[in-house]
Amino acid sequence: QVQLVESGGGLVQAGGSLRLSCAASGRTFSNYAMGWFRQAPGKEREFVARVRSGGSTYYADSVKGRFTISRDNVKNTVYLQMNSLKPEDTAIYYCAAAERSFPTTQAYDYNFWGQGTQVTVSS
């Protein structure tokens, strides 16, 4: 079992930046691929970014070049640095952990989820 707690959300103006953190506890953090998803009101949860246990990353096209995912296996934490934020980035952002080494962008590939943190970008 892995427990995930997100933090760092808030209200920011368009063009601004936020850094989300996700602290993990429980089983060995370094064994898991970690992902960030988001869900806007009335929309389905969508993939944002993923970092595998070895450090390789993958991004949704909508955030590529603006967001950066990273992990610190000593601190058991995964981060999402979000720059050049747009109003359409407004959503609840969720951190997730996958037991499989090569998770796809689908939410069902991830086994453990945090409670989410709200990000609101004003125009």
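The values are calculated or read from the model by the stated rules, or taken from the named source; none is laboratory data. These numbers come from a predicted model, not from an experiment. Ligands, DNA and RNA are excluded from the accessible area calculation, which covers all protein heavy atoms including side chains. Shrake-Rupley method; radii C 1.70, N 1.55, O 1.52, S 1.80 Å.
Expressed as a whole percentage, what fraction of the accessible surface of the chain belongs to carbon and sulfur atoms when a 1.4 Å probe is rolled over the protein heavy atoms? Don't skip to the end; give the middle numbers.
On the way: 2860 of 6210 Å².
C and S atoms contribute 46 percent here.
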(request) Can you check what the Kirkwood hydrodynamic radius comes to for the stretch 59-123, Cα pairs only, in Å to one decimal? (result) 13.4
(message) List the aspartates and glutamates whose Cα sits under 20 Å from the Cα of Lys64, skipping any in the same chain fewer than 8 residues away.
(response) Glu44, Glu46, Glu88, Asp89
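Of the DSSP beta bridges with both residues in the chain, give the percent that are antiparallel, rounding to the nearest 5.
Values: 38 of 42 bridges.
DSSP beta bridges in the chain are roughly 90 percent antiparallel.
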(request) Just the number, please: Stokes-Einstein D of the chain in µm²/s, Kirkwood Rh from C-alpha pairs, 4 °C, 1.567 mPa s. (result) 92
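Quick check on the stretch 38-90: take the gyration tensor over C-alpha atoms, sort the square-rooted eigenvalues as a ≥ b ≥ c, and tell me if it's rounded (a/c under 1.5), prolate or oblate.
On the way: a/c = 2.04, a/b = 1.80, b/c = 1.13.
Here the stretch 38-90 falls in the prolate category.
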(request) Return the Rg/Rh value of the stretch 1-62, two decimal places, where both radii are evaluated on C-alpha atoms and Rh is the Kirkwood radius. (result) 0.99
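Per residue, what accessible area does the stretch 63-123 have, given a 1.4 Å probe and all protein chains present, in Å²? Write out the running numbers ahead of the final one.
On the way: 2960 Å² over 61 residues.
So the stretch 63-123 comes to 49 Å² accessible per residue, rounded to a whole number.
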